[in-house]
Amino acid sequence: SSYNNIGGVGRQIFARIRLSEEANQKAIGNKTLIGRTLSVGYLEPYIFDIPIDWSISGSNSARANETWLLTQSAETAFSHKFRYVFPGSVLSLFYGQQIKREESSGEQKLGYLQVMGGNVRTGRIGARYRYDHRNNISWPTGGFLLNMEASSARHEFGGDLAYDYWSIANSYYLGLVEKLVLAVGFSFSSYYDISRKGTKADILPVSETIYVGGADTVRGFAERDLGPKIEFDEFNDDEERSRTEELIGGSNASVFK
């Protein structure tokens, strides 16, 4: 829900609630998780009477996959919408704080997974650029959609994790005949110069790593179903050992579709 054009000057307040449950999640302590995303935000247009909008938002989310991932985040951004050069495109500068907490069973806390997991706080600044040149948002038959981001997380920004990150995603649409469209897309994303407090291993925690899979990346696979895996020994209550795999995600991804 949202309340738009407050005071007749374009101010906006919005709230979003989403609930879902992953059917194939692993139970932790004989419990499953109802996933959620709760977010609120405020937009102030044309601050100081210049064509720059200011926004502030916060969210709380929970997601169940191999582990439970609980996230709290807040972000403030300044955005400019271009009206003459590349009309309709938006450039945003942002600062964000995020806290991610993982919950998992005791078996999942062994060895390498202990280093990869845990709670992590991130403070980062960055820029985003979006250019939506599609002729129709719901069923485009021409044009393209471009999304780009470059950001930097630093300990000085109030976080346990430091890194540089960039991503670019572009989709093209070409109408061939009536009701038949060729859609071509590619995306690249990468983390580098990673540093993490409290551990000698400068690697991303699982909560930050990149996965692919699902309708938006690789169809035929579930969301977050593709990525690097590790193997380790798992023991049951009778000390019987079995070999198992854990999906940990990666620090780079390239997708063509």
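The values are calculated or read from the model by the stated rules, or taken from the named source; none is laboratory data. This is a predicted model, so every value here is computed, not measured. As a convention, Cβ positions derive from the backbone with ideal geometry for all residues, glycine included, and neighbour counts pool all protein chains shown. For accessibility, only protein heavy atoms count, side chains too; no ligands or nucleic acids. Shrake-Rupley method; radii C 1.70, N 1.55, O 1.52, S 1.80 Å.
Work out the length of the dipole vector of the stretch 163-257 about its Cα centre, built from +1 on the beta-carbon of each Lys and Arg and -1 on the beta-carbon of each Asp and Glu, and round it to the nearest 20 debye.
In total the dipole reaches around 660 debye.
Skipping prolines and chain starts, which residues have an amide H placed within reach, meaning under 5 Å, of the one on R11, given they are 5 or more residues away or on another chain?
N5, I6
If you rank F78, F157 by how much accessible surface each has, with a 1.4 Å probe, what is the order from largest down?
Largest accessible area first, the residues go F78, F157.
Report the accessible area of Y191, computed with a 1.4 Å probe over the heavy atoms of all protein chains in place, in Å² rounded to the nearest 10.
30 Å²
Please state the charge dipole magnitude for the stretch 12-80, taken about the Cα centre, from unit charges on C-beta atoms (+1 on K and R, -1 on D and E), reported in debye and rounded to the nearest 20.
440 debye
Rg to Rh for the stretch 119-228: what is it, with Cα atoms only and Rh by Kirkwood?
So for the stretch 119-228, dividing Rg by the Kirkwood Rh gives 1.09.
Using the 2.2 N^0.38 Å rule of thumb for compact globular proteins, work out how the chain stacks up: its C-alpha Rg over that value, please.
1.16
Going from most exposed to least, what order do T32, T122 have by accessible area with a 1.4 Å probe?
My answer, sorted largest first, is T32, T122.
Could you state the number of Å between the C-alpha centres of the stretch 172-199 and the stretch 30-106?
20 Å
Roughly to the nearest percent, how much of the accessible area of the stretch 146-257 is carbon and sulfur, given a 1.4 Å probe?
In the stretch 146-257, the share of accessible area belonging to carbon and sulfur is 51 percent.
Please state the charge dipole magnitude for the chain, taken about the Cα centre, from unit charges on C-beta atoms (+1 on K and R, -1 on D and E), reported in debye and rounded to the nearest 20.
1000 debye
Pick out, from F188, G250, F235, the residue whose Cα sits farthest towards the positive end of the charge dipole of the stretch 164-257, with +1 on the Cβ of Lys and Arg and -1 on the Cβ of Asp and Glu.
The residue sitting most towards the positive pole is F188.
Can you give the accessible area of S1 in Å² (nearest 10), computed on protein heavy atoms with a 1.4 Å probe?
About 120 Å², ignoring ligands and nucleic acids.
Per-residue ellipticity at 222 nm for the chain, helices alone: DSSP H runs ≥ 4 residues times -39500 (n - 2.57), over residue total, nearest 500 deg cm²/dmol?
Result for the chain: -500 deg cm²/dmol, rounded to the nearest 500.
Given a Förster distance of 45 Å, report the FRET efficiency between E234 and I125 from their Cβ-Cβ distance, rounded to the nearest 0.05.
0.65
So which of K197/K229; K26/K197; K197/K257; K229/K257; K31/K100; K100/K229 end up more than 31 Å apart, counting from Cα to Cα?
K197/K257, as the Cα separations exceed 31 Å there.
In sequence order, what are the phi-derived ³J(HN,Hα) couplings for the stretch 139-146 according to the Karplus relation 6.51 cos²θ - 1.76 cosθ + 1.60 with θ = phi - 60°, rounded to whole Hz, with x for glycine and proline?
9, x, 10, x, x, 8, 10, 10
How would V120, V85 line up by accessible area, probe 1.4 Å, largest first?
Descending accessible area places them as V85, V120.
Can you give me the relative contact order of the chain as a percent, contacts being Cα pairs under 8 Å and 6 or more apart?
Relative contact order here is 10 percent.
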